[in-house]
Amino acid sequence: MSSEKLGINSKLIHGGGFKDPLGSATVPIYQTSTFIFDDADHGARCFSGESDGYIYTRIGNPTINTLERLIAELENGYGGIATSSGMGAVNTVYMTLLNQGDHVVSSAAVYGPSRVVLEQKYSKLGIEATFVDTSDTEAVRKAIRPNTKLLYIETPSNPTMYITDLVACSAIAHEQGIPVAVDNTFSSPYLQQPLDLGADIVLHSMTKFINGHADVVAGMIVAREKSMYTRLRGIMVNMGFNMDPHQAFLVIRGAKTLGIRIDRAQQNAMKIAAYLENHPKVEWVRYPGLESHPQHELAKKQMKGPGTMLSFELKGGLEAGKILMNNVKLAILAVSLGGVETLIQHPASMTHSKVSTEAKLKADITDGLVRYSVGIEDVDDLISDLDQALAKII
Ligand code: LCS
(Lines give C-alpha, C1' and ligand atoms only; values in the text may rest on other atoms or scores of the structure.)
Protein backbone atom coordinates (compact mmCIF):
# COMPACT_ATOMS: atom_id res chain seq x y z
CA MET A 1 0.00 0.00 0.00
CA SER A 2 1.37 3.43 -0.90
CA SER A 3 2.41 5.17 2.27
CA GLU A 4 0.64 8.37 1.09
CA LYS A 5 -2.71 6.69 1.75
CA LEU A 6 -1.85 5.53 5.26
CA GLY A 7 -3.06 7.21 8.44
CA ILE A 8 -0.48 9.01 10.56
CA ASN A 9 -0.06 6.21 13.13
CA SER A 10 0.59 3.68 10.34
CA LYS A 11 3.08 6.06 8.74
CA LEU A 12 4.85 6.41 12.09
CA ILE A 13 5.37 2.65 12.23
CA HIS A 14 6.00 1.86 8.56
CA GLY A 15 7.09 5.16 6.97
CA GLY A 16 10.56 6.14 5.85
CA GLY A 17 10.73 3.64 3.01
CA PHE A 18 13.77 1.68 4.17
CA LYS A 19 14.20 -1.89 2.88
CA ASP A 20 17.08 -3.71 4.49
CA PRO A 21 18.88 -6.03 2.01
CA LEU A 22 19.33 -8.58 4.84
CA GLY A 23 15.71 -8.36 5.99
CA SER A 24 16.05 -6.53 9.28
CA ALA A 25 12.58 -5.54 10.56
CA THR A 26 13.93 -2.35 12.12
CA VAL A 27 16.20 0.24 10.55
CA PRO A 28 19.83 -0.72 11.30
CA ILE A 29 22.36 1.81 12.55
CA TYR A 30 24.83 2.43 9.73
CA GLN A 31 27.53 3.55 12.13
CA THR A 32 30.05 4.50 9.51
CA SER A 33 31.59 7.82 8.55
CA THR A 34 32.30 6.83 4.95
CA PHE A 35 31.16 4.46 2.18
CA ILE A 36 33.19 2.29 -0.22
CA PHE A 37 33.01 3.10 -3.96
CA ASP A 38 32.91 0.19 -6.48
CA ASP A 39 35.68 1.87 -8.49
CA ALA A 40 37.03 5.33 -9.26
CA ASP A 41 34.34 6.04 -11.87
CA HIS A 42 31.59 5.10 -9.39
CA GLY A 43 33.09 7.53 -6.85
CA ALA A 44 33.10 10.28 -9.48
CA ARG A 45 29.50 9.48 -10.43
CA CYS A 46 28.42 9.67 -6.76
CA PHE A 47 30.00 13.10 -6.45
CA SER A 48 28.59 14.42 -9.72
CA GLY A 49 25.09 13.27 -8.75
CA GLU A 50 24.80 10.79 -11.69
CA SER A 51 24.68 7.97 -9.14
CA ASP A 52 22.80 8.28 -5.84
CA GLY A 53 25.23 6.04 -3.95
CA TYR A 54 26.30 6.99 -0.45
CA ILE A 55 29.53 8.99 -0.06
CA TYR A 56 30.11 10.25 3.47
CA THR A 57 27.81 10.43 6.51
CA ARG A 58 27.77 14.22 6.81
CA ILE A 59 26.31 14.24 3.28
CA GLY A 60 24.00 11.25 3.65
CA ASN A 61 23.56 7.98 5.54
CA PRO A 62 20.88 5.24 5.20
CA THR A 63 19.72 5.45 8.86
CA ILE A 64 19.55 9.25 8.83
CA ASN A 65 17.92 9.38 5.39
CA THR A 66 15.17 7.02 6.57
CA LEU A 67 14.31 9.40 9.41
CA GLU A 68 14.38 12.33 6.95
CA ARG A 69 11.94 10.56 4.63
CA LEU A 70 9.69 9.62 7.57
CA ILE A 71 9.34 13.18 8.89
CA ALA A 72 8.94 14.59 5.36
CA GLU A 73 6.05 12.13 4.83
CA LEU A 74 4.43 13.21 8.12
CA GLU A 75 4.77 16.90 7.25
CA ASN A 76 3.69 16.43 3.60
CA GLY A 77 6.92 18.00 2.35
CA TYR A 78 9.37 17.34 -0.48
CA GLY A 79 12.26 16.25 1.73
CA GLY A 80 13.70 16.27 5.23
CA ILE A 81 17.08 17.46 6.47
CA ALA A 82 18.17 16.01 9.79
CA THR A 83 20.38 18.10 12.07
CA SER A 84 22.41 17.51 15.20
CA SER A 85 19.93 19.52 17.31
CA GLY A 86 16.90 21.77 17.05
CA MET A 87 19.26 24.77 17.09
CA GLY A 88 21.13 23.16 14.19
CA ALA A 89 17.82 23.23 12.29
CA VAL A 90 17.08 26.84 13.30
CA ASN A 91 20.54 28.02 12.22
CA THR A 92 20.42 26.07 8.95
CA VAL A 93 17.21 27.97 8.11
CA TYR A 94 18.68 31.36 9.14
CA MET A 95 21.96 30.77 7.28
CA THR A 96 20.21 29.60 4.13
CA LEU A 97 17.79 32.50 3.85
CA LEU A 98 19.54 35.48 5.45
CA ASN A 99 22.43 37.41 3.94
CA GLN A 100 24.06 40.72 4.76
CA GLY A 101 21.55 43.56 4.49
CA ASP A 102 18.54 41.26 4.94
CA HIS A 103 15.79 41.48 7.54
CA VAL A 104 13.79 38.78 9.33
CA VAL A 105 10.42 39.10 11.07
CA SER A 106 10.15 36.63 13.94
CA SER A 107 7.63 35.75 16.63
CA ALA A 108 8.65 37.64 19.77
CA ALA A 109 8.09 34.60 21.97
CA VAL A 110 10.27 31.88 20.53
CA TYR A 111 12.66 29.47 22.21
CA GLY A 112 15.24 31.79 23.87
CA PRO A 113 18.32 30.90 21.76
CA SER A 114 16.36 31.15 18.47
CA ARG A 115 15.90 34.85 19.29
CA VAL A 116 19.19 35.51 21.05
CA VAL A 117 21.29 34.21 18.15
CA LEU A 118 19.60 36.74 15.82
CA GLU A 119 20.09 39.58 18.30
CA GLN A 120 23.65 38.77 19.29
CA LYS A 121 25.27 37.02 16.30
CA TYR A 122 23.38 37.59 13.03
CA SER A 123 23.12 41.31 13.87
CA LYS A 124 26.93 41.43 13.66
CA LEU A 125 26.73 39.98 10.12
CA GLY A 126 24.48 42.87 9.01
CA ILE A 127 21.17 41.03 9.41
CA GLU A 128 18.33 42.84 11.16
CA ALA A 129 15.45 41.24 13.05
CA THR A 130 12.06 42.56 14.16
CA PHE A 131 10.24 40.60 16.84
CA VAL A 132 6.46 40.88 16.90
CA ASP A 133 3.55 39.10 18.46
CA THR A 134 2.77 37.03 15.35
CA SER A 135 -0.61 36.06 16.83
CA ASP A 136 -1.47 39.64 15.79
CA THR A 137 -1.63 39.23 12.02
CA GLU A 138 -1.65 42.98 11.35
CA ALA A 139 1.54 43.39 13.40
CA VAL A 140 3.19 40.90 11.03
CA ARG A 141 2.06 42.88 7.98
CA LYS A 142 3.39 46.13 9.47
CA ALA A 143 6.77 44.61 10.40
CA ILE A 144 7.58 43.53 6.83
CA ARG A 145 10.14 45.72 5.03
CA PRO A 146 11.40 45.74 1.44
CA ASN A 147 14.48 43.76 2.57
CA THR A 148 12.57 41.14 4.62
CA LYS A 149 13.74 37.70 3.52
CA LEU A 150 12.13 35.43 6.11
CA LEU A 151 9.03 35.24 8.29
CA TYR A 152 9.88 32.95 11.21
CA ILE A 153 7.01 31.72 13.37
CA GLU A 154 6.73 29.56 16.45
CA THR A 155 3.18 28.37 17.15
CA PRO A 156 2.23 27.57 19.85
CA SER A 157 5.00 29.82 21.10
CA ASN A 158 7.53 28.84 23.74
CA PRO A 159 6.63 29.53 26.57
CA THR A 160 3.63 31.86 26.15
CA MET A 161 1.45 29.37 24.24
CA TYR A 162 0.18 32.01 21.80
CA ILE A 163 -1.12 30.72 18.48
CA THR A 164 -0.30 32.33 15.13
CA ASP A 165 -2.72 32.09 12.20
CA LEU A 166 -0.51 30.28 9.70
CA VAL A 167 -2.86 30.61 6.73
CA ALA A 168 -3.20 34.39 7.18
CA CYS A 169 0.48 35.05 7.92
CA SER A 170 1.68 32.86 5.04
CA ALA A 171 -0.60 34.78 2.67
CA ILE A 172 0.80 38.12 3.88
CA ALA A 173 4.41 36.95 3.47
CA HIS A 174 3.80 35.36 0.08
CA GLU A 175 2.26 38.60 -1.29
CA GLN A 176 5.80 39.99 -0.88
CA GLY A 177 7.55 36.80 -2.03
CA ILE A 178 8.86 36.09 1.49
CA PRO A 179 9.30 32.46 2.57
CA VAL A 180 7.69 31.33 5.82
CA ALA A 181 9.41 28.98 8.28
CA VAL A 182 7.47 27.48 11.18
CA ASP A 183 8.99 25.89 14.26
CA ASN A 184 6.50 23.07 14.82
CA THR A 185 8.23 21.64 17.90
CA PHE A 186 5.32 22.32 20.30
CA SER A 187 2.75 20.48 18.18
CA SER A 188 4.75 17.89 16.25
CA PRO A 189 3.37 16.74 12.88
CA TYR A 190 0.82 14.67 14.79
CA LEU A 191 -1.12 17.81 15.74
CA GLN A 192 -0.20 20.39 13.11
CA GLN A 193 1.10 20.38 9.54
CA PRO A 194 2.31 23.92 8.74
CA LEU A 195 3.20 23.13 5.10
CA ASP A 196 -0.48 22.36 4.46
CA LEU A 197 -1.36 25.76 5.96
CA GLY A 198 0.92 27.71 3.63
CA ALA A 199 4.40 27.54 5.21
CA ASP A 200 7.42 26.82 3.00
CA ILE A 201 9.64 25.29 5.68
CA VAL A 202 8.83 23.45 8.88
CA LEU A 203 11.40 22.65 11.53
CA HIS A 204 11.59 20.71 14.76
CA SER A 205 13.59 20.16 17.82
CA MET A 206 13.10 16.39 17.68
CA THR A 207 14.64 16.34 21.15
CA LYS A 208 11.04 16.90 22.21
CA PHE A 209 7.88 15.11 21.06
CA ILE A 210 9.20 13.23 18.02
CA ASN A 211 11.84 11.36 20.02
CA GLY A 212 9.84 11.68 23.21
CA HIS A 213 12.07 9.92 25.73
CA ALA A 214 14.46 12.63 26.94
CA ASP A 215 17.49 10.70 25.71
CA VAL A 216 18.43 12.40 22.41
CA VAL A 217 19.11 15.92 21.16
CA ALA A 218 18.14 16.18 17.47
CA GLY A 219 16.59 18.45 14.85
CA MET A 220 14.80 18.27 11.50
CA ILE A 221 13.83 20.64 8.69
CA VAL A 222 11.28 19.78 6.01
CA ALA A 223 10.92 21.89 2.86
CA ARG A 224 7.82 21.96 0.67
CA GLU A 225 9.69 22.47 -2.60
CA LYS A 226 12.73 20.77 -4.07
CA SER A 227 14.61 24.05 -4.73
CA MET A 228 14.34 25.16 -1.08
CA TYR A 229 15.23 21.64 0.10
CA THR A 230 18.41 21.69 -2.02
CA ARG A 231 19.49 25.09 -0.66
CA LEU A 232 18.87 24.06 2.97
CA ARG A 233 20.62 20.72 2.52
CA GLY A 234 23.71 22.39 1.06
CA ILE A 235 24.04 24.66 4.11
CA MET A 236 23.45 21.80 6.59
CA VAL A 237 26.12 19.65 4.91
CA ASN A 238 28.74 22.37 4.56
CA MET A 239 28.17 23.87 8.02
CA GLY A 240 28.42 20.41 9.55
CA PHE A 241 25.05 20.60 11.31
CA ASN A 242 24.46 16.92 10.50
CA MET A 243 22.95 14.22 12.66
CA ASP A 244 24.72 11.05 13.79
CA PRO A 245 23.35 7.62 12.71
CA HIS A 246 22.84 6.46 16.29
CA GLN A 247 20.79 9.58 17.05
CA ALA A 248 18.67 8.83 13.97
CA PHE A 249 18.08 5.25 15.12
CA LEU A 250 16.84 6.39 18.53
CA VAL A 251 14.55 9.03 17.05
CA ILE A 252 13.07 6.50 14.59
CA ARG A 253 12.36 4.21 17.53
CA GLY A 254 10.85 6.99 19.63
CA ALA A 255 8.72 8.35 16.79
CA LYS A 256 6.81 5.07 16.43
CA THR A 257 4.76 5.92 19.55
CA LEU A 258 4.35 9.66 18.86
CA GLY A 259 0.60 9.33 18.31
CA ILE A 260 -0.24 7.28 21.37
CA ARG A 261 2.07 9.35 23.58
CA ILE A 262 0.46 12.61 22.50
CA ASP A 263 -3.11 11.26 22.72
CA ARG A 264 -2.48 10.14 26.28
CA ALA A 265 -0.53 13.21 27.46
CA GLN A 266 -3.09 15.51 25.84
CA GLN A 267 -5.91 13.92 27.84
CA ASN A 268 -3.84 14.50 30.97
CA ALA A 269 -3.08 18.09 29.93
CA MET A 270 -6.76 18.94 29.46
CA LYS A 271 -7.55 17.73 33.00
CA ILE A 272 -4.55 19.47 34.53
CA ALA A 273 -5.33 22.76 32.76
CA ALA A 274 -8.92 22.63 34.07
CA TYR A 275 -7.67 21.78 37.58
CA LEU A 276 -5.22 24.69 37.60
CA GLU A 277 -7.74 27.13 36.16
CA ASN A 278 -10.08 26.41 39.05
CA HIS A 279 -7.39 26.55 41.74
CA PRO A 280 -7.65 29.60 44.03
CA LYS A 281 -3.87 30.17 44.03
CA VAL A 282 -3.62 30.32 40.23
CA GLU A 283 -3.84 33.71 38.49
CA TRP A 284 -4.19 32.41 34.91
CA VAL A 285 -3.55 29.32 32.78
CA ARG A 286 -2.72 29.42 29.09
CA TYR A 287 -3.60 26.17 27.34
CA PRO A 288 -5.04 26.12 23.79
CA GLY A 289 -7.68 23.58 24.88
CA LEU A 290 -9.24 25.97 27.40
CA GLU A 291 -12.00 28.32 26.23
CA SER A 292 -10.21 31.09 28.11
CA HIS A 293 -7.21 30.83 25.74
CA PRO A 294 -7.16 33.97 23.56
CA GLN A 295 -6.84 31.91 20.36
CA HIS A 296 -8.90 28.88 21.38
CA GLU A 297 -11.00 28.96 18.18
CA LEU A 298 -7.95 29.35 15.94
CA ALA A 299 -6.26 26.45 17.76
CA LYS A 300 -9.29 24.26 17.06
CA LYS A 301 -9.14 25.17 13.38
CA GLN A 302 -5.39 24.94 12.87
CA MET A 303 -4.36 22.11 15.19
CA LYS A 304 -5.68 18.56 15.47
CA GLY A 305 -5.53 18.88 19.26
CA PRO A 306 -4.42 21.42 21.89
CA GLY A 307 -1.23 19.55 22.78
CA THR A 308 0.46 18.82 26.05
CA MET A 309 2.16 22.11 26.93
CA LEU A 310 0.74 24.71 29.26
CA SER A 311 1.93 27.82 31.03
CA PHE A 312 0.46 29.46 34.08
CA GLU A 313 1.11 32.09 36.69
CA LEU A 314 0.36 31.87 40.38
CA LYS A 315 -1.22 34.69 42.34
CA GLY A 316 1.93 34.88 44.44
CA GLY A 317 4.08 35.44 41.31
CA LEU A 318 7.64 34.14 41.10
CA GLU A 319 8.01 33.42 44.84
CA ALA A 320 4.93 31.20 44.78
CA GLY A 321 6.15 29.60 41.53
CA LYS A 322 9.47 28.72 43.18
CA ILE A 323 7.67 27.07 46.10
CA LEU A 324 5.67 25.02 43.60
CA MET A 325 8.76 24.02 41.58
CA ASN A 326 10.70 23.12 44.72
CA ASN A 327 7.92 20.97 46.10
CA VAL A 328 6.64 18.89 43.19
CA LYS A 329 7.70 15.29 43.69
CA LEU A 330 6.47 13.53 40.54
CA ALA A 331 6.99 16.25 37.93
CA ILE A 332 10.69 16.76 37.26
CA LEU A 333 12.23 20.22 37.64
CA ALA A 334 14.09 20.37 34.32
CA VAL A 335 14.09 22.13 30.96
CA SER A 336 13.11 20.41 27.70
CA LEU A 337 9.59 19.19 26.97
CA GLY A 338 7.51 16.74 25.00
CA GLY A 339 8.74 13.57 26.68
CA VAL A 340 6.90 10.78 28.47
CA GLU A 341 7.85 12.35 31.80
CA THR A 342 6.20 15.52 33.13
CA LEU A 343 8.60 18.47 33.39
CA ILE A 344 8.24 21.83 35.12
CA GLN A 345 10.51 24.86 34.63
CA HIS A 346 10.76 28.64 35.00
CA PRO A 347 11.35 30.25 31.55
CA ALA A 348 12.41 33.72 32.79
CA SER A 349 15.41 32.29 34.69
CA MET A 350 16.01 29.13 32.63
CA THR A 351 15.12 28.58 28.92
CA HIS A 352 14.69 32.33 28.22
CA SER A 353 17.24 33.70 30.70
CA LYS A 354 19.46 35.17 27.94
CA VAL A 355 16.57 37.16 26.44
CA SER A 356 16.72 40.75 27.78
CA THR A 357 14.27 41.66 30.55
CA GLU A 358 12.65 44.26 28.30
CA ALA A 359 12.19 41.82 25.42
CA LYS A 360 10.81 39.19 27.79
CA LEU A 361 8.20 41.57 29.14
CA LYS A 362 7.25 42.77 25.64
CA ALA A 363 6.76 39.12 24.67
CA ASP A 364 4.67 38.45 27.83
CA ILE A 365 7.31 36.13 29.29
CA THR A 366 6.57 37.34 32.81
CA ASP A 367 8.68 36.58 35.84
CA GLY A 368 5.92 34.50 37.40
CA LEU A 369 5.24 32.33 34.33
CA VAL A 370 5.75 28.62 35.00
CA ARG A 371 5.88 26.13 32.11
CA TYR A 372 4.57 22.62 32.51
CA SER A 373 5.10 19.84 29.95
CA VAL A 374 2.58 17.09 30.61
CA GLY A 375 3.76 13.49 30.35
CA ILE A 376 1.95 10.16 30.26
CA GLU A 377 1.88 9.39 33.99
CA ASP A 378 -1.49 8.74 35.67
CA VAL A 379 -3.25 12.08 35.70
CA ASP A 380 -4.56 11.64 39.26
CA ASP A 381 -0.98 11.31 40.45
CA LEU A 382 0.06 14.46 38.60
CA ILE A 383 -2.86 16.42 40.05
CA SER A 384 -2.15 15.13 43.60
CA ASP A 385 1.47 16.17 43.09
CA LEU A 386 0.47 19.71 42.07
CA ASP A 387 -2.10 19.82 44.87
CA GLN A 388 0.37 19.02 47.63
CA ALA A 389 2.94 21.45 46.20
CA LEU A 390 0.39 24.29 45.81
CA ALA A 391 -0.70 23.67 49.42
CA LYS A 392 2.82 24.67 50.55
CA ILE A 393 2.20 28.22 49.31
CA ILE A 394 0.79 30.27 52.16
N1 LCS B 1 12.70 25.21 19.02
C2 LCS B 1 11.93 25.09 20.11
C3 LCS B 1 10.49 25.50 20.05
C4 LCS B 1 12.46 24.59 21.29
O5 LCS B 1 11.66 24.48 22.35
C6 LCS B 1 13.83 24.23 21.33
C7 LCS B 1 14.47 23.72 22.58
C8 LCS B 1 14.61 24.38 20.18
C9 LCS B 1 14.00 24.86 19.02
C10 LCS B 1 16.07 23.99 20.14
O11 LCS B 1 16.16 22.61 20.14
P12 LCS B 1 17.42 21.76 20.70
O13 LCS B 1 18.63 22.32 20.05
O14 LCS B 1 17.45 21.95 22.17
O15 LCS B 1 17.10 20.38 20.25
N16 LCS B 1 13.71 23.97 23.71
C17 LCS B 1 14.04 23.74 24.95
C18 LCS B 1 13.21 24.11 26.03
O19 LCS B 1 12.16 24.74 25.96
N20 LCS B 1 13.76 23.66 27.14
O21 LCS B 1 14.98 23.09 26.91
C22 LCS B 1 15.23 23.09 25.48
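The values are calculated or read from the model by the stated rules, or taken from the named source; none is laboratory data. The structure displayed is predicted, hence computed values, not measured ones. Methodologically, a virtual Cβ is constructed for each residue, glycine included, from the backbone with ideal geometry; neighbour enumeration extends over all protein chains shown. Just so you know, the surface numbers come from the protein's heavy atoms only, side chains and all, with ligands and any DNA or RNA stripped out. Shrake-Rupley method; radii C 1.70, N 1.55, O 1.52, S 1.80 Å.
With a 1.4 Å probe and all protein chains kept in place, how do 275, 287 rank by accessible area, largest first?
On the way: 275 45, 287 0 Å².
Descending order: 275, 287.
Which order do 301, 208 take when ranked by solvent-accessible area (1.4 Å probe, heavy atoms of all protein chains), largest first?
301, 208
Rounded to whole Hz and in sequence order, give me ³J(HN,Hα) for the stretch 337-349 from the Karplus expression 6.51 cos²θ - 1.76 cosθ + 1.60, θ = phi - 60°, writing x for Gly and Pro.
5, x, x, 5, 9, 6, 10, 10, 7, 10, x, 4, 9
Quick one: which residues, 5+ away or cross-chain, put their amide H under 5 Å from the amide H of residue 154? H built at 1.01 Å from N.
107, 183
When only DSSP loop residues count, what GluC sites (Glu not before Pro) in the stretch 237-314 have their Cβ near at most 16 other Cβ atoms within 10 Å? Each step should come with its number before you reach the end.
Details: sites: 277, 283, 291, 297, 313; in loops: 291.
The qualifying sites are 291.
Report, please, the projected area of the stretch 1-80 averaged over directions, based on the convex hull of its C-alpha atoms, in nm².
6.3 nm²
Give me the extension gain from residue 167 to residue 393: residue separation times 0.36 nm, minus the current Cα-Cα distance, reported in nm with one decimal.
Gain on stretching residue 167 to residue 393: 77.1 nm.
Counting heavy atoms of the protein chains only and a 1.4 Å probe, report the per residue accessible area for the stretch 258-390 as a whole number of Å².
42 Å²
Straight distance only, please: which aspartates and glutamates reach the Cα of residue 11 with their own Cα at less than 12 Å, same-chain residues fewer than 8 apart left out?
Correct list for residue 11: 73, 75.
Can you give the helix-only mean residue ellipticity at 222 nm for the chain, where every DSSP H stretch with n ≥ 4 adds -39500 (n - 2.57) and the sum goes over all residues, rounded to the nearest 500 deg cm²/dmol? Don't jump to the answer; show the numbers that get you there.
Numbers: 15 runs with 152 residues, N = 394.
Taken over the chain, the calculation gives -11500 deg cm²/dmol.
Please work out the FRET efficiency for the pair residue 10 and residue 121, using the Cβ-Cβ distance as r and a Förster radius of 51 Å; give the result to the nearest 0.05.
Approximately 0.75, to the nearest 0.05.
Which order do you get for 319, 50 if you rank them by accessible area with a 1.4 Å probe, largest at the top? Please list the in-between numbers first.
Numbers: 319 115, 50 145 Å².
The ordering from most to least exposed comes out as 50, 319.
Excluding residues on the same chain fewer than 8 positions from residue 149, give the aspartates and glutamates whose Cα lies under 20 Å from its Cα.
102, 119, 128, 133, 136, 138, 165, 175, 183, 200, 225
Under 24 Å from the Cα of residue 354, which lysines turn up, not counting those fewer than eight places away in the same chain?
Output for residue 354: 121, 124, 208, 322, 362.
Go from 0 up to the bin containing the longest alpha carbon distance in the stretch 258-390, width 5 Å each, and give me the % of pairs per bin.
Using 5 Å bins, I get a P(r) of 2, 11, 20, 24, 21, 14, 6, 1 for the stretch 258-390.
Considering the convex hull of the alpha carbon atoms of the stretch 15-255, report its projected area averaged over all viewing directions, in nm², one decimal.
Reported value for the Cα convex hull: 13.3 nm².
Within the stretch 12-34, which residues have the backbone N less than 20 Å from the label spot 7 Å out from residue 76 along Cα→beta-carbon, could you tell me?
Those under the cut-off are 12-17.
Would you mind pulling out the separation of the Cα centroids of the stretch 17-70 and the stretch 223-247, in Å?
Going from one Cα centre to the other spans 15 Å.
Using the basic label-point model (7 angstrom from Cα toward the beta carbon), what is the residue 59 to residue 319 distance in nanometres?
6.3 nm
Rounded to the nearest Å, what's the spacing between the alpha carbon centres of the stretch 261-307 and the stretch 124-183? Just the number, please.
Each part's Cα centre sits 24 Å from the other's.
Mind telling me which of 256, 354, 121 comes out most flexible in a GNM of the chain, alpha-carbon contacts under 10 Å?
Comparing 256, 354, 121 in the GNM, the peak value goes to 121.
Can you send over the carbon and sulfur percentage of the accessible area for the chain, probe radius 1.4 Å, protein chains only?
Looking at the chain in its full context, I get 53 percent from C and S.
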